[in-house]
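A short reminder: the numbers here are calculations on the coordinates, not readings from a lab. Small disclaimer: the values here were computed from a predicted structure and weren't measured. Don't worry about glycine lacking a Cβ; one is built from the backbone with ideal geometry, like all the others, and counts go over all protein chains shown.
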Amino acid sequence: MFELMDEWGPEKVVCVSDPRTGMRGVLVIDNTARGMGKGGTRMSPTLSVGEVARLARVMTWKWAGVDLFFGGAKAGIRFDPSSPDKEAALRAFVRLLSNEIPREYVIGLDMGLTERDAAVVQDELRDRGAAVGTPAELGGVPYDELGVTGYGVAEATDAVMSLSGKRVAIQGLGAVGRAAARRYAELGATVVAVSSALGAVHDPDGLDVSRLLEVPGDAAVVEYAGGSRLELGAELLVPTDVLVPCALQDVIDSSLAGRIAASVVVEGANMPTSVEAQEVLAARGVQVLPDFIANAGGVVAAGFAMDARHSAFRPDPAAIYATISAKLRANAVTVLEQASAAGTTTHQAARALAEDRVRKAMELKGRVPLSGN
């Protein structure tokens, strides 16, 4: 774990386990110079502490990138989200972290957790402020229902290129990929390929997005009538103007980056490209919208939800969409301009923007390293 520590953090790592359910979990609070720790919690049977720490750092940059005053944090539960014991494992996890939740960290939703799970967290801790992303019936901001992250991904793309008539390929048909596909279509783009864990489908003339999304979950790709079937991963290489990886981290390495046909890559997932891949794409003239710039719609919505935790009033979805659009469009343009001016990759430009804001907060609070350390 010590090799993951640097001048930015993490500030605190808490590991917990529950012998009865077999749950193992971790909370990583990365940097709170700009505010209390806030980030999603994911559940996966293959989760690692290192993965959660990397994601916590992304949250530090993401909050700073959209200039909202929360700190980077992330939590993870090593457990199968399809297990019938999921709720018991989740309740054990939050009970064991009741010293930190919600005083130091508020749970949000990530891979493997749903709006109902956020409601379970609130119930277990008897605190409405313990989690955000709860259903609208409980006064929450239902991220999946509103599709805020995918909406922002498409908005950021449209800010740097007119989407009318452009081809888009999307990897991953979860909450982010679905909402992105819908918004891309609304903005006039042609979605030519999508994939899920069950396969991929491609139609160079365009998929019928409305019909595709009628089927819930990963089965949408399998049951879609039309197009041609592709092996998983092939959707990343189809002829397209925009490629949107919305699945897992580390899916595009330097070798794959050299074969991508898109002129723009928009990171809907967190950390989908390696540093080496980013350099290859930049050398080829492929523009990349970094993850914590393009997929920050979820944290903007989380900011609204944090304000509403103890309010009797539900946030207005129209205001959430408008704020996401304004912040992400402005950031996308700024990062591409700064990368061009400085001769760096867009990830380096985005990181510099976020680092500057975090560093200033650390300096103001006396959190800079002592001389000689």
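Over the stretch 153-267, what is the mean sequence separation of C-alpha contacts under 8 Å (at least six apart), divided by residue count, expressed as relative contact order in percent? Walk me through the numbers before you get to the answer.
On the way: 223 pairs, mean separation 32.8, N = 115.
Over the stretch 153-267, the number comes to 29 percent.
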Largest to smallest principal axis extent of the C-alpha atoms in the stretch 257-373, angstrom = 52, 47, 23
Mean separation of Cα contacts under 8 Å (6+ apart) over length of the stretch 52-169, as relative contact order % = 15
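Considering the convex hull of the alpha carbon atoms of the stretch 155-233, report its projected area averaged over all viewing directions, in nm², one decimal. Intermediate values should be presented prior to the final figure.
On the way: hull surface 18.8 nm².
Result: a mean projected hull area of 4.7 nm².
Report the FRET efficiency, 1/(1 + (r/R0)^6), for Arg367 and Asp307, where r is their Cβ-Cβ distance and R0 is 25 Å, rounded to 0.05.
On the way: r = 25 Å, r/R0 = 1.02.
The value I calculate is 0.50.
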Local electrostatic count, Gly112, Cβ distance below 11 Å [Lys/Arg +1, Asp/Glu -1] = 0
Sort the following peptides by mean Cβ neighbour count (other Cβ atoms within 10 Å, averaged over residues), highest first: 177-184, 13-20.
-> 177-184, 13-20
Choice from Val222, Val52, Val201 with maximal GNM fluctuation in the chain (Cα, 10 Å cutoff) = Val222
Could you tell me the largest-minus-smallest coordinate of the C-alpha atoms of the stretch 289-328 on each of the three principal axes, in descending order and whole angstroms?
-> 37, 16, 9
How compact and how long is the stretch 77-235, expressed as Rg and Dmax of its alpha-carbon atoms in Å?
-> 18.3, 54
In deg cm²/dmol, rounded to 500, what helix-only [θ] at 222 nm does the chain give when every DSSP H run of at least 4 residues adds -39500 (n - 2.57) and the total is split over its residues?
-> -12000 deg cm²/dmol
Per residue Cα convex hull volume for the stretch 84-176, in cubic angstrom?
-> 128
Relative contact order (percent, whole number), the chain, Cα cutoff 8 Å, 6+ residue spacing | 15
Lysines near Lys327 by alpha-carbon distance under 28 Å, same-chain residues fewer than 8 away left out - which ones?
-> Lys38, Lys62, Lys74, Lys166, Lys360, Lys365
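Find the percent of Cα-Cα distances in the stretch 168-208 that exceed 12 Å, and round it to a whole number.
Summing the P(r) tail past 12 Å for the stretch 168-208 gives 53 percent.
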In the stretch 269-327, the chymotrypsin sites (Phe, Trp or Tyr not before Pro) that fall in loop regions by DSSP, at most 11 other Cβ within 10 Å | Phe313
Summing Lys, Arg as +1 and Asp, Glu as -1, what charge do residues with Cβ under 13 Å from the Cβ of Arg167 carry, Arg167 excluded?
-> -3
Pick from Ala294, Ala64, Ala352: which is most flexible by mean-square fluctuation in a GNM of the chain where alpha carbon atoms under 10 Å apart are linked?
-> Ala352
Between the stretch 314-361 and the stretch 115-169, the alpha-carbon center distance in angstrom = 19
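Counting pairs of Cα atoms in the stretch 167-284, how many percent are more than 22 Å apart?
25
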Please sort through the DSSP H helices of the chain and keep those with an alpha-carbon extent of at least 27 Å along the long axis and a Kyte-Doolittle average not below 0.5.
-> 317-342
The stretch 220-307: radius of gyration and largest Cα-Cα distance (Dmax), Å | 14.8, 46
Cα-Cα pairs above 16 Å in the stretch 1-82: how many percent?
-> 48
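Test of understanding: express the Cα radius of gyration of the stretch 11-139 as a ratio to 2.2 N^0.38 Å, with N the residue count. Please list the in-between numbers first.
Working: Rg = 13.5 Å, N = 129, 2.2 N^0.38 = 13.9 Å.
In units of the 2.2 N^0.38 Å rule of thumb, it is 0.97.
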